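The values are calculated or read from the model by the stated rules, or taken from the named source; none is laboratory data. Keep in mind the model is a prediction, meaning the values are calculated, not measured. Note that each Cβ is placed from the backbone with ideal geometry, even for glycine, and that neighbours are counted across all protein chains shown. Surface accessibility is based on the protein's heavy atoms, side chains included, excluding ligands, DNA and RNA. Shrake-Rupley method; radii C 1.70, N 1.55, O 1.52, S 1.80 Å.
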Amino acid sequence: MDDASDVALRMRDVIFALRAAEEYNETLNRIRLQKFVYLLDVVAILYDLFPTADGHVTYKNGPYDSTIQNAVDALAFRGFVQVVSSHSTPHGSVSSEYALSAAGRAWCDRLAAESRLQARWIAAKDVADRVNYFGWPRLVQLVYSEPTFVVARNGGVGQRLRPAAPGGASASNLLRCFRYALGQRRDAAQVSRQVLLDLFFRYLDQYARRIGERVT
Amino acid sequence: MPGRVLLPQLHSFRLRGFEPVFNREVMFELVAGYNLILGGNAIGKTTLVQAVVYGLTGGSEDFESSREFRWSHSYFRGRLARGELRNASIEVEFGLGKRVCAVRRGFIGNHVTGFRGNKRGTWIDEREQAGAAFANALLRYGGYASVDDFAFIIHRLLYLPESRRLLAWDTEAQLRLLMILNQDLAPERSFEDRRNSLQKLDSKKRHTRVAINKAESELTSLIEYDETVDAPDEPSTEPAVSLAALNEALRDWQTRARERVRAEREVQTFAKNLNSITREIEALQEQIDAEESAIILRLLDQHERDTRLPLQKLVERGICPACGTEQPTLQGIAIEHLRRRGCALCGSAVQSQEAGTLTTLRSRMAEKLSAQRSLQESLATADNRLTVLRTEEEAAQARVNELRFAQPVVMLAERHLPLQSQQNLRQLKATLEQQELDLEAQITGLKSDLDEEYTAFRMAMSLRTEELARLYADYATAFLGLTCDLVESASSDNFLDLVLFVPRFEDVVRTTEDSCSEAQRFFLDIAFRMALIDLAATLNGHQSSFVCETPETALDLSYVDNVVQMFAKFCRQAHTLLLTANVQRHGFAELMLSDTPVRQRRRRVLNLFSLGRLSSVQQGKIRKIDAAVRAMMGE
Amino acid sequence: MFNPDQKAVLQEIISDPAAVAATVLSSSVEEIRAFIARGDGFVRKYGRQLIDKTFILALDETTEGEASLTSKIVLKQCRSGDSILIVDRNLKYIRAVNGAAGIMESQQRTQAAKSLELVYWGPNLGWCIVAGEIVSERRFGTGSREPPLPSPWRRPMSEFDRLISDHVEEEITNERRIRYWANKRRRVLLSKPDGTERLFHASLFWWLDHFVEDSLRVVAGTRGFGQDTTDITVITMSGDYVVEVKWLGENDARTKYTQPPRIDEGLQQVKTYLENDPRLVVGFLVVYDARPADQNLSRSIWEPSARHERCEKPWIIFLESDTPSQAARRAAKR
């Protein structure tokens, strides 16, 4: 696929992420935006969506997709996203928080209204809801506990992340385990998406506590 | 009854084409009495002498089993350049009684390449004819029963190499030599053939005994096993593991292995299908992404137009989004880019045309994801099943091993028993025992015959034995300087009471060579040979030759005179002596020459320093060597 | 695949009764968890007042209650026989319904209504039952010994023999953690409150639920129907295991199972499970034997054809009724 299309898809994700966070009065900086969109990719499979092939790779601060940052810049250029606060980090860099402008919000509403894009918007809202439950400050820790990332990060920087891979220690396989274990019933009830999401995020939270990750 | 053999007497020899060793053809005519081949280290004395021996015998394994003493044509190959082999040859002239023959051999093969039947005759150069004539001459004029006998005489009696292969304590060699030399009293070939038969019969008898023992052992095992099986009253001390249980365990193992293989195939099929559907999903996702991005870009475009965002301002009014100024050129570019369905700023292609298939694609995606999940489940279940089957297979295998090891030893041994009953084994044993008895009888009979023959031979030879002993005593006493005689001693032969002639001096019978010093061994051996040659000469009235290499080795100054005396005695019998010696002042050769008139000395000497290829050391000392030689010559 | 920490967390998540309940009810996991916590908290708080009382808290997600549930309400309703108390997710009391707090009845009700009930027997024992399935059994620490520390007893399903021997030693021998004798001297088993099989089944289920190291989830009574929901399924990442529970002897309801065919029945049931469920890798039959010792020794045979090749040989657990000194005297007489 061409670059413009890749950026377009990520513009959608960024817009949805910022809008979903906004509903909880949260803004996202560059790193948290990357994390949020990564979680969106991870749970996409529950909505019969498949993450893009060339998505995130492992990087210094967790999963990273350069197209996301390009999308943010393009959206900012177009006036859909604005920097709402800026501060220096202990490392000497500048961290900016992003929020939607009125135009961005309006465009998000347009996208969300488009029925063929709705699944993604619902997914973004569900992710925001779960993150909010466990606390926005724990967003990074939750992502660090994601099983695909846990395995891939051992391989160093630049490892392609494939959370939808059917085998191995992937998020997809984790969700399969949930379905498998909980679906053991006479009437073979389907495990609902909401329950799977709940369990998935609870898993991330409990794993993070077990390992004792700290946000740096 | 065969006649007596004539021992050959060397007359002359000619060695051609040995340029790597000698710088020209070597030719020498022996004179009566002693003859010396003078030389130094590695100058070719031994090569020359061995070539002469080769010329007479050919170095065949028929008469010489030991490769070390064979000196066949291949022995000389290393000493000659490749191309020179064809041109190399050795001619030896020798007397057999009154007849003077000459034989020539090349070094390509060991066959005779030329023969002359008398001194003034012509050479027979056709190979086969020459060979036949040579053999014929030996048989007819030499009285030999075979060419091999002639070669044996030369190798074991007439030539004493530097390696000192002694005759004095060699029972087999003594026996054969005595029989050849006295074949008028006993046919040596027949005796030897029957001795070989005796050895073969004995070997066969021993093998029969081994077979009898094996049959006995197997019979005992079979009896024990049958008794164990047939004895219900005795409780078995070993666990009764039935073959049936083992076979059942084996079948079980095989069944589980087959199931495991089936399960593995199933897992592979599921894994393959899962990979396949995952690839389809990824391909489908690309199409979905393309459709979605088109929708997004269309909506973006619409939204920008509707809300008049900066890029729209550039397109509509030419306002630069960066600095806010009017830029018609930039506007034109933006419009052109948009017209070509590219990005307003950079012109890169923007796919904003939807195919309108997104809903269908999503629907297909949902189905494929559901199928993928289902395959994941199936694969996981199949994999679990495979794990269990592997464990069961291992357990079945362990059970088989357990049963195998628990089997009693008798059952294991049963596999090694011949498929014979007790009766068959008894019968076999009886047959073998009868065979053994037959062989024993044959051996006894043959041994008795041979003993009788040998006894008769010895009795017939008694006078000659006395003469031999007398001749020996002369030579041996001359060397030792004290009385030494030849006595009979029992040999170590396994079958016959053969006699070994050994020296006795200082009242000690020297039954082994270790009972003498090195010099004593060597010269008493020479004495024995000379005595035998003398005896042969006495019997047939013709002289012979004795070839000995470097007799001065291991000889100290006190015995040199004695040795010279011994050789002088031999030569006085009109035999020809060919000796090799190193050039040394006051050495053995000088001593030998000292009693010879000066004018006769040169004729007796073949000086290899003038023929051989000298080493650099020798070249450096050539003047001294020449001076020594001249001194020896009395010049 | 998953590392040990990931597996441990996965196990914790899946074995959470709220996860099962939410799955069945298609409800929020967190909300269900909160509800169960509230119910258990209530019992812990009012433990002393609830001794010997058995009651049920049935969740109604569609109605909002008015007043908070109190121990007074519970006691009053129990006395009148209306032991089933309907509450909302915040444990607000809605109404009470007539019925005994039996596990089997609760299973039937919740299965029909696809609902959730928390069954409490006194202040010590509680079950979470969702749509006919016993999702968890909890023991509350008031006055009784805490469950044994997990680490020495946690074993994988591949060590089922040791799981069983630990269970017998820690739970069964001398009625260490469950009562099952109605008359120990005459070797008569209890039948109340829910049937003899239920007693042993519940005990074994609790043990497996707590001490199978590699289980994702332990599920009870999902295969049989009616009286025969005596199976336990242990779900692991490497496949599922089914355990069928039976008892032999007689109980105080005059039910007698003394003959080997009872063992064959159990084996046949396991065989049926193994043949029909491809997810099952191995089956087990555990029989609690209250017959006299000589019958245990001489009549514990089974028909080989009844046993599926993936079913292990049955565990027949003899229930001791002698004190150690009695056992010594009996042995001396022999």
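See the values below:
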{"read-out": "Straight-distance crosslink candidates among lysines, where the alpha carbon sits under 22 Å from A:K60 and sequence neighbours closer than 8 are dropped", "value": "A:K35"}
{"read-out": "Interface residues in region B:338-384 - accessible area drops by 30 Å² or more relative to the isolated chain, probe 1.4 Å", "value": "B:R362, B:L369, B:Q372, B:R373, B:Q376, B:E377, B:T381, B:N384"}
{"read-out": "Eligible lysines near B:K624 by straight Cα distance, threshold 20 Å, same-chain separation 8 or greater", "value": "B:K45"}
{"read-out": "Chain B - percent of accessible surface contributed by carbon and sulfur, probe 1.4 Å", "value": "49"}
{"read-out": "Lysines whose Cα lies under 26 Å from that of C:K76, excluding same-chain neighbours fewer than 8 positions away", "value": "C:K45, C:K53, C:K92, C:K192"}
{"read-out": "Karplus 3J(HN,Hα) series, Hz, for region B:4-14 with 6.51 cos²θ - 1.76 cosθ + 1.60 (x for Gly, Pro)", "value": "7, 7, 9, 7, x, 10, 6, 10, 7, 8, 9"}
{"read-out": "Span per principal axis, largest first, for the Cα atoms of the protein assembly as shown (Å)", "value": "157, 113, 51"}
{"read-out": "Helix A:118-134 axis, angle to chain A major axis (alpha carbon atoms, nearest 10°)", "value": "80"}
{"read-out": "Solvent-accessible area per residue, Å², over the protein assembly as shown with all protein chains present [probe radius 1.4 Å]", "value": "46"}
{"read-out": "For chain C, calculated [θ]222 nm from helices alone, where every DSSP H run of n ≥ 4 adds -39500 (n - 2.57)", "value": "-10500 deg cm²/dmol"}
{"read-out": "Spatial extent of region B:241-407: Rg and Dmax, with the Cα atoms as the point set, Å", "value": "32.6, 105"}
{"read-out": "37 Å tail of the calculated P(r), chain C, as % of Cα pairs", "value": "19"}
{"read-out": "For B:C484, distant residues with modelled amide H under 5 Å away", "value": "B:T477"}
{"read-out": "Placed amide H near C:W181: partners under 5 Å, 5+ positions off or other chain", "value": "C:L190"}
{"read-out": "Accessible area buried, both sides summed, chains B and C with 1.4 Å probe, Å²", "value": "600"}
{"read-out": "10 Å Cβ neighbours from other chains, averaged over peptide B:25-32", "value": "0"}
{"read-out": "Electrostatic dipole magnitude of region B:241-407 [Cβ: Lys, Arg +1; Asp, Glu -1; Cα centre; debye, to 20]", "value": "220"}
{"read-out": "Options C:Q111, C:S68, C:Y241, ranked by Cα towards positive dipole end of chain C, top entry (Cβ charges)", "value": "C:S68"}
{"read-out": "Dipole magnitude (debye, nearest 20) for chain B, charges at Cβ of Lys, Arg, Asp, Glu", "value": "3920"}
{"read-out": "Helical contribution to [θ] at 222 nm, DSSP H n ≥ 4, -39,500 (n - 2.57), averaged over chain A, rounded to 500", "value": "-17500 deg cm²/dmol"}
{"read-out": "DSSP H segments from chain C that extend 20 Å or more along their own axis, Cα-based, with Kyte-Doolittle mean of 0.0 or above", "value": "C:196-211"}
{"read-out": "Chains A and C, summed buried accessible surface - 1.4 Å probe, Å², nearest 100", "value": "3100"}
{"read-out": "Span-rule helices in chain B, defined as complete DSSP H runs reaching 27 Å or more along the axis (Cα) with Kyte mean at least 0.0", "value": "B:518-540"}
{"read-out": "Amide H partners (placed H, <5 Å) of C:S136, local residues excluded", "value": "C:C128"}
